[in-house]
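This report refers to the structure that appears directly beneath it.
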Amino acid sequence: MSAVRPVRTGEQVATPEPLITIKSAAKVYGNNRGLSPLNLAIHAGERVALVGPSGSGKTTLLRLLAGALVPDEGPNSVSINGKSPANLKPGRELASLVGIVSQRFDLVPHLPVMHNVLAGRLGHWSLARSILSLVWPMERRAAQQALARVGIADKINERPGRLSGGEQQRVAIARMMMQSPLVVLADEPVASLDPARAEEGMALLVGLVHSDLGHANGDGRSSERALIASLHTASLIRRHFTRVVGLRDSRVHFDLPAGELDDAVLDELYDLGDGYGDVEPLAGLAARDG
Amino acid sequence: MERTGIQQSRPTGGQRARFNVLRWSVYAAALLVVIAWAFILLDGNSGFGDLFRERTWQNAGGFIASLAGQGSDGPSPFVQAARWRDTGRLALNTLAMSILAMGIAGAGALVLLMPGARNVSDGTLGGAPSRTGALVYGAVRILYTLTRAIPELVWAMLIVFFLSPGIIPGALALGIHNLGIVGRLTSEVVENLDPAPARALRAAGASSPKVLLYGVFPQALPMFLTFLMYRWEVVIRTTVVVGFLNAGGLGREFRLRMSWFHYEDVALLLVWYLLLVIAVDILSAQLRRRVRWD
């Protein structure tokens, strides 16, 4: 079981150029290795699940893709649609290239839901428009539609601090709809939700890249988009993703079509290696992350 | 006694050392009380003895009686509508002075609360650290300290020097002093904010001013308004003191009536003053409840 599985690529979409190319990107924090030199190509239309024990490099990989971290080899070892996220300044270009939903959703607690949703447009708006929108909300209708799509249209004037975890996630997804990036990243987006909310939340996240309905402007780019999310639940991965990449010790451990993911593969990935192998690994990890 | 105290409180273990500090603090406090009283009682000039002289109490009684109208000639100001109206206008002036003061302090603090916060100037909440940011941060902090360190009464004395008497110099003095207090408190609120929402906005493509506008400002605003309301309660009391310096309102009239021995008028002014303080306390509490979001 401890042998490294041969790396296999997931379903390939018939696009010649991959949307995302990671070429021997690595990140070292002091003495800790955040990510070993790693190669990965992801095509438009793919929905990739990242799995792996805590500390395996999932978050580092997502932050490299979001442009929040610069790879040790320089910004050019990560490329999305021909651009390097770490080279782009905050603004329209970066915002329409890549967006990230974090585990804690990171809404502004005192700002009404409407403005938290509209904040997804900040990269597209001028400063004057952003200021004006706090007084007279711009694109109010788009925000209403986004909230209606995630099923919480009635919460538009609430403050996020009063919402449940599931509702906060919906606000974060509505914000992502307004931002409408080519690549949606999600760092353990359902770790803090109960199984039913996790299922709904995952369906909404997939909707961001999988259907035109998921987007504020319905620009018909759905086939050009991709989703990359870290999570631990095999059933969610099989239902919602096309491909699964297992990370361990900051390296790619396996790379499979999501349909081929079974518990034995995950057991081996999460195996603690000293007699803990019999413990149901997913239940334990999910409970701790919640 | 002192020496054994030090020896005993030498930390041998966490629990025991803490216990000894507490015990010796009580001993030291008791000793201080004894020394302080000995000092007061042995010093003939302390004026403490006056408290027990019959003369003092007679004077106090006489003063209270004259506040109540004893020995004054003519009708009491309490029964004259015109006197109520005139002093009421002064009370309104005082209220206006306090509101103007809070306006000055609030507007200033609102502008400075972000450049005065370290996590804004060093780029933690948005943007990159810059030399300009660090310089502005230092300048704002010095301004806060300077305006806060000089009491409102001293500010009023300085300002009355070059502004004609009235409620403006009083409001200016109170506003400047409170700018330092409210500004510093609010900047510290910003420094304690969770940076995660601001980072999320940055990831959504927002530039630094937009991050501050959407991620920082809305979070700091409720606390800012709360501080402002608290200070308003303090300011409405201090307006009278500042008014002594020809700065208008109830305070100026209070001083004049005292020096003319019009004790009944003084009593009337005190009634207005009390009404004003109670009204502002209630209003401030209501407003503070309103802004307490979440």
Taking chain B as a Gaussian network, where each spring joins two C-alpha atoms under 10 Å apart, which residue of B:Y27, B:Y214, B:Y263 fluctuates the most?
B:Y27
Based on alpha-carbon positions alone, could you give the equivalent ellipsoid semi-axes of the range B:212-285 from the gyration tensor, as √(5λ), descending, whole Å?
36, 13, 6
FRET E, pair A:D262, B:V111, Förster distance 56 Å, beta-carbon r, rounded to 0.05
0.40
Shielding by other protein chains, A:123-130, mean Cβ within 10 Å
4
Please report, ordered by residue number, every helix of chain B (full DSSP H runs) that is 18 Å or longer along its axis going by C-alpha atoms and whose mean Kyte-Doolittle hydropathy reaches -0.5.
B:14-42, B:54-67, B:81-112, B:131-149, B:167-191, B:217-242, B:263-291
Using square roots of five times the C-alpha gyration tensor eigenvalues, list the equivalent-ellipsoid semi-axes of the range A:89-233 in whole Å, biggest first.
22, 19, 13
Please list the three semi-axes, largest first and in whole Å, of the ellipsoid equivalent to the range B:87-135, using sqrt of 5 times the eigenvalues of its alpha carbon gyration tensor.
39, 8, 5
What nm distance separates the two modelled labels at A:A148 and B:R290, each placed 7 Å from Cα along Cα→Cβ?
3.4 nm
Quick check: residue separation of A:S36 and A:S235 times 0.36 nm, minus the Cα distance between them. What number comes out in nm?
68.8 nm
Just to be sure I follow: if Rg is taken over the C-alpha atoms of the range B:137-294 and Rh is the Kirkwood radius over the same atoms, what is Rg/Rh?
1.11
Which FRET efficiency, nearest 0.05, do A:W136 and A:R162 yield, Cβ-Cβ r, R0 30 Å?
0.80
Given the C-alpha atoms of chain B, compute the convex hull and give its volume per residue in Å³.
236 Å³
Give me, ordered by chain and number, the residues 5 or more places off A:R243 or on other chains with an amide H under 5 Å from its own placed amide H.
A:R47, A:A49, A:A258
Near B:K210, which aspartates and glutamates are there with a Cα under 19 Å away, not counting those fewer than 8 places off in the same chain?
A:E93, A:D106, A:E139, B:D122, B:E191, B:D194
Subset of A:K23/A:K89; A:K27/A:K58; A:K23/A:K83 violating a 19 Å alpha-carbon distance limit:
A:K23/A:K89
Taking every pair of alpha-carbon atoms in the protein assembly as shown, what share in percent sits in each 10 Å bin, from 0 to the bin with the longest distance?
3, 13, 18, 17, 14, 12, 10, 7, 4, 2, 0
Can you give me the distance in nm between label points at A:S54 and B:N45, each placed 7 Å from the Cα along the Cα-to-Cβ direction?
7.1 nm
Pairwise FRET efficiency - B:L31 versus B:S259, Cβ, R0 = 41 Å, nearest 0.05:
0.35
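All of the numbers you see were taken from the coordinates with simple rules; none came from a lab. Worth saying up front: this structure is predicted, and the values here are computed from it rather than measured. A quick note on method: Cβ atoms are made from the backbone with ideal geometry, for glycine too, and the neighbour counts reach across all protein chains shown.
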